[in-house]
Amino acid sequence: MNGQQITERLASKGIRPTANRILVYDALARQESPQSLKNMENLLLSMDKSSIFRVLTLFLKYDVVHAFEDGRGVMNYELCNEHGECHHHDNHVHFYCEVCGRSFCMENVPVPVFALPPGFCQHSASFVIKGECPNCKAKKTKTTL
Ligand SMILES: [Zn+2]
Ligand SMILES: [Zn+2]
Ligand SMILES: [Zn+2]
């Protein structure tokens, strides 16, 4: 994504594209997997922690990003792929690798629908599966041979 596309995306979500916001968006867009605040700090060494957090909080409020807790209870952030209003009520499952600590999006694995007791209205659901990613699993097999 180039600067122009990021500016358009932010505008479509209803927020002003300031320099910091573009930086944070760009850093997330370059990653293949969801990132924690700590990772974001390492990706954005020129920005201080509180500025990054402020931008992410704003992004969350305007559905520029979505967040979920990974296997350690740490918030992970990922970009919303939708332009404008977000209809991500059918959230996907996430996978947390207990060996390397990375989070993965299982875009094609929908969160199961649960039959709730009468009177309970679901707004969202977060689903994290813990285990080993293919990379770590392959490494382990090699070392045990
Ligand atoms: Zn979304
Ligand atoms: Zn792993
Ligand atoms: Zn995801």
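Some notes on this structure:
- The chain: relative contact order as a whole-number percent, Cα under 8 Å and 6+ apart: 20 percent
- GNM flexibility winner over the chain from 123, 87, 66 (Cα, springs under 10 Å): 123
- Per residue, the solvent-accessible area of the chain (1.4 Å probe, heavy atoms of protein chains only, all protein chains present) comes to 65 Å².
- Dimensions of the chain based on its C-alpha atoms, expressed as ranges along the principal axes with the largest first, amount to 52, 47, 25 Å.
- The chain - mean residue ellipticity at 222 nm from DSSP helices (-39,500 (n - 2.57) per run, n ≥ 4, rounded to 500): -10500 deg cm²/dmol
- Carbon-plus-sulfur accessible fraction, the chain (probe radius 1.4 Å, protein heavy atoms only): 54%.
- Calculated FRET efficiency for the pair residue 113/residue 8, C-beta based, R₀ 35 Å, to 0.05: 0.55
The values are calculated or read from the model by the stated rules, or taken from the named source; none is laboratory data. These numbers come from a predicted model, not from an experiment. Methodologically, a virtual Cβ is constructed for each residue, glycine included, from the backbone with ideal geometry; neighbour enumeration extends over all protein chains shown. Heads up: the accessible areas ignore ligands, DNA and RNA and are worked out on the full protein's heavy atoms, side chains in. Shrake-Rupley method; radii C 1.70, N 1.55, O 1.52, S 1.80 Å.
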